[in-house]
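Take a look at the structure below.
Only the coordinates and a few stated rules stand behind these numbers; no lab work does. Since the structure is predicted, the reported quantities are computational estimates derived from the model, not experimental observations. Note that we place each Cβ from the backbone using ideal geometry, even for glycine, and neighbour counts take in every protein chain shown.
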Amino acid sequence: MSSSISIAQITDTHLFEDIDQYLVGIPTDRSFKAVLAEIKQNISKVDLLLLTGDLSQDSSAASYQRLRDHLDKHEIPAYCLAGNHDDWQIMQTHLPSKYVHLKRSLNIGNWQILLLSSVVVGAVHGYLADAELAWLDQSLNAARDRHILIAFHHPAIPIGSPWMDGICLTNQDQFWEICDRYPQIKVVLNGHAHQDFDKIHQTTHNSVRCLVSPSTCVQFQPQNPNFQIDNQSAGFRHLELFSDGSMQTKIHRLKHNRFIANLHAIGY
């Protein structure tokens, strides 16, 4: 194991059954492939890809199969979790491969990565069910000697956009009550908000880096009280996790925005 663990977070790909279908004016399949190419070209070493939900827009088998095929071509271990647009059962049938995994826990170096489901079937907002919270508590209690990164789809703290904050994780207090007991937690990583967000969340006994990352397709305007499409490029987050529990992170965006969103679109 080298001195750091290199992770590329990919989120909110929103692929369709139809490869040529657009989301708010953006061809999601082509923008996703462009982001994968950007990772390959600009990140010299990637130990794993972490896909944090809304992999599909329509929960179709074809969209998951195509996602799997794209990831397999890069031959980098990829770990996937579900978002509110996903269907977990269909994911289980059509995603796993030699390189694509649906494991809930991963030990790598001095770190443990825990993947939770914040999906509420039929809803846009997120919620960590009692079983998820119990599993998290047990996993953290068994890994007191490791640094912890927790990932799930819906942001774990308010991000400053009231419309988005209303559809993020709705039982944040329960989640953070558990996290407060485990100072080895270093990072909470989310998607869903289609934007870059980075803030230290202070609990009674711990400080945790809370990160949200851009989508590989459509972006939402940060700090806007109302829903608004942003004109920033698609992107991904690169994280480097070090053996002492420290980390570095950077947002990478496509340099030439070939995929222009419809700025007048409404609804989500």
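Table for the structure above
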item	result
Least to most buried among Cys210, Cys168 (fewest other Cβ within 10 Å first)	Cys210, Cys168
Built amide H within the under 5 Å cut-off of His192, gap 5+	Asp12
Built amide H within the under 5 Å cut-off of Leu23, gap 5+	Thr28
Phi to ³J(HN,Hα) by Karplus 6.51 cos²θ - 1.76 cosθ + 1.60 over the stretch 202-214, Hz, x for Gly, Pro	9, 9, 4, 10, 7, 10, 10, 7, 9, 10, 10, 10, x
For Gln112, distant residues with modelled amide H under 5 Å away	His147, Ile148, Leu149
Counting all C-alpha pairs of the stretch 1-144, share separated by more than 24 Å (%)	34
Residues of type lysines that Lys33 reaches as a straight line, Cα spacing below 24 Å, ignoring anything fewer than 8 places off in the same chain	Lys45, Lys73, Lys98, Lys103, Lys250, Lys255
Proxy reagent accessibility, fewest Cβ within 10 Å first, across Asp12, Asp130, Asp18, Asp29	Asp130, Asp18, Asp29, Asp12
Computed helical MRE - 222 nm, the chain, DSSP H runs ≥ 4 contributing -39500 (n - 2.57), nearest 500	-6500 deg cm²/dmol
Per-residue ³J(HN,Hα) for the stretch 131-147, Karplus 6.51 cos²θ - 1.76 cosθ + 1.60, θ = phi - 60°, Hz, x for Gly and Pro	5, 5, 5, 5, 5, 4, 4, 5, 5, 5, 5, 8, 10, 6, 9, 10, 7
Part-to-part distance (alpha-carbon centres) for the stretch 1-77 and the stretch 163-215, which is given in Å	23
Kirkwood hydrodynamic radius of the chain, Cα pairs, Å	18.4
Ranked list, fewest to most other Cβ atoms within 10 Å of each Cβ, for Ile10, Ile19, Ile251	Ile19, Ile251, Ile10
J(HN,Hα) series, the stretch 32-48, from Karplus relation 6.51 cos²θ - 1.76 cosθ + 1.60, nearest Hz, glycine and proline x	5, 5, 5, 5, 4, 5, 5, 4, 4, 7, 10, 10, 5, 9, 10, 7, 7
